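What follows is one structure encoded as structure tokens, with my remarks underneath.
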Amino acid sequence: MNFTPLKYRFVAANEQAAQRYTLVLLHGTGGDENDLIHLAEELTEGQTNLLGFRGNVLENGYTTRFFRRMGTGIFDHADLHFRTEELVSSLQDIASKLGFDQSKLIALGYSNGANIGGAILQKYPTLLSGAAFWRPMLPLPEEKPLESNKAPVLLTSGSSDPYYQPKAMKDYEHLLETAGFQVQHELIPSSHNLTQKDLQLTKEWLKKHFDI
């Protein structure tokens, strides 16, 4: 396929970067490779590498996204399939170039970034060591992942988020659990915005599963 490498920013862990986990940071609509760096630094305090990506899609000519959509909350699934392959190709190329451990990848994504991260779980169910997704939606309803590596997955939804669809999220949980992922889904009193509760839950999840 004719992929375009994604722009990225890499921040190495404070010590022994080649042996540390790498957080793969996936921004929301309108973001870039720097958006989640500061939050990830707060969460990990230099214990992990940080790899922030910028989506290759421009909506209306200027708004950055990881994949196209047909309308509000309506994904272009063909483009999502392609862009997921493109992102994974970039990730593997960068890992080879920079020398961090490809068996220690944890995805951290918000909104649009959470959704392409979820597509990675569905299409590459053994690639990630874990994933934490804020305000996700079910990315590929027809994509049934093969058996996973049983990685832990944290999903945080806002109870008043207009994108939150209870049945679809139940379907998402079931799809991931059927593949063997360890799913923790938290519903918090919020809309689509991030809150301190999201960060608290993520920090606890990282400590529990990865001792970070």
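Every number in this text was worked out from the coordinates using simple rules, so none of it is lab data. In this text, all values refer to a predicted model and were calculated from it rather than measured experimentally. Note: ideal-geometry Cβ built from the backbone for every residue, glycine included; neighbour counts use all protein chains shown.
Things worth noting here:
- The one condition from (1) in contact (Cβ under 8 Å) with a residue 24 or more places away in the chain; (2) closer than 14 Å to Phe53 by Cα; (3) surrounded by fewer than 24 Cβ atoms within 10 Å (Cβ to Cβ) that Gln92 does not meet is (1).
- Total residues in segment 28-46 satisfying the condition of being touching a residue at least 40 places away in the same chain (Cβ under 8 Å), in contact with a Lys or Arg (Cβ under 7 Å, 6 or more places away or on another chain), in a loop (DSSP other than H, G, I, E, B) and closer than 26 Å to Glu204 by Cβ: the figure is 0.
- Subset tally (residues that are in a strand (DSSP E or B), over 21 Å from Leu199 (Cα atoms) and within 15 Å of the chain's Cα centre (by Cα)) for segment 47-78: 1
- Taking the criterion of being under 30 Å from Gln16 (Cβ atoms) and touching a strand residue (DSSP E or B) at 6+ places or on another chain (Cβ under 8 Å), the residues of segment 44-65 that qualify are Thr44, Thr48, Asn49, Leu50, Leu51, Gly52, Phe53, Arg54.
- Here segment 135-160 is the region considered, the condition is being part of a strand (DSSP E or B) and closer than 14 Å to Leu194 by Cβ, and the residue that is farthest from the chain's Cα centre (by Cα) is Gly158.
- When segment 183-205 is filtered for residues that are part of a strand (DSSP E or B), touching a helix residue (DSSP H, G or I) at 6+ places or on another chain (Cβ under 8 Å) and more than 16 Å from Gly109 (Cα to Cα), only Ile188 remains.
- For segment 1-56, filtering for residues that are more than 21 Å from Asn115 (Cα to Cα) and among the basic types (Lys, Arg) leaves 1.
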